[in-house]
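Have a look at the structure below before the remarks.
Computed from the coordinates by the stated procedures, all read-outs in this text should not be read as laboratory data. For clarity, every value in this text was computed on a predicted model and none was experimentally measured. Virtual Cβ from ideal backbone geometry, glycine too; neighbours counted across all protein chains shown.
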């Protein structure tokens, strides 16, 4: 297992004016690290309507960390005027001097100090797998680290970003077809990759599958609403890819964290773009075949539900 150095206090950076600070502490391998893996010391604060939080929740489930690292579920739509969560405000203020940005999820907090370890999803995902995942699947196999990073970039830039860009431009814009072309090229590449494979890296599930599945969920439940019907039909022809997405939806670690209503409410609360004809063309029925019990929902924005 890879050793990661950690600091006792996370650094805080803001990615853009008005954005949430990125607090980037790390979980190390032993007591000298400051933050080191101890059962029940840390807590995840997640909103399942957020794709970053959904990736973390699925990873937490795959690693079977429910008895080691508890999770607090937050409402689908942030309750503060700055698009943050009032329940997370005390943690942010305790962790960053004179913090005035939104108190956003995801958050990995330390119950010993009452402060935030990290709000940076890639670091949280890596530390869950490397520092707490000794008895679970190997989500970041050493031989495929570069391959995993390349697949992450493909999902983020050529699927998610391209779909968002196309939806923002609209079907009549000169750049629309180029953005859709980038998206379709990435989907075709992923379709070919899954030929003869169960998962992206072979026969075993990995972090790359978590990333791709959440990306496909976003494509069908969020970005599709702003694409024209022709583009959505061209997206849907990648049958192997969408069958893979449907199959993973039946996996307990994936399907039980998928809250379609929460994703829709978050999208409609935040999105100001116009709906296009693609909104009427759902690609996948995301309901698991065995109708797994849905994840619990918080009672209110002030009191989030804790899931162990």
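Numerical summary
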quantity: Contact order relative to length of segment 138-212, as percent, for alpha carbon pairs under 8 angstrom and 6 or more apart; calculated: 38 percent
quantity: FRET efficiency, 1/(1 + (r/R0)^6) with R0 22 Å, evaluated for residue 285 and residue 153 via beta carbons; calculated: 0.15
quantity: Gain upon complete extension [residue 270, residue 79; 0.36 nm per residue less C-alpha separation]; calculated: 67.6 nm
quantity: Förster-model FRET efficiency, 35 Å R0, residue 198 and residue 173, C-beta, rounded to 0.05; calculated: 0.35
quantity: Where labels lie 7 Å past Cα in the beta-carbon direction, separation of residue 189 and residue 134 in nm; calculated: 3.8 nm
quantity: Extended-chain gain in nm, criterion 0.36 nm per residue less alpha-carbon gap, residue 239 and residue 86; calculated: 50.9 nm
quantity: Gap separating the Cα centres of segment 136-196 and segment 33-67, nearest whole Å; calculated: 25 Å
quantity: Label-point gap, in nm, between residue 31 and residue 113 - each point 7 angstrom along Cα→Cβ; calculated: 1.7 nm
quantity: For segment 169-210, fraction of C-alpha pairs farther apart than 15 Å, in %; calculated: 55 percent
quantity: Descending semi-axes in Å of segment 145-280, equivalent ellipsoid built from Cα gyration tensor; calculated: 24, 18, 13
quantity: Span per principal axis, largest first, for the Cα atoms of segment 12-136 (Å); calculated: 41, 31, 22
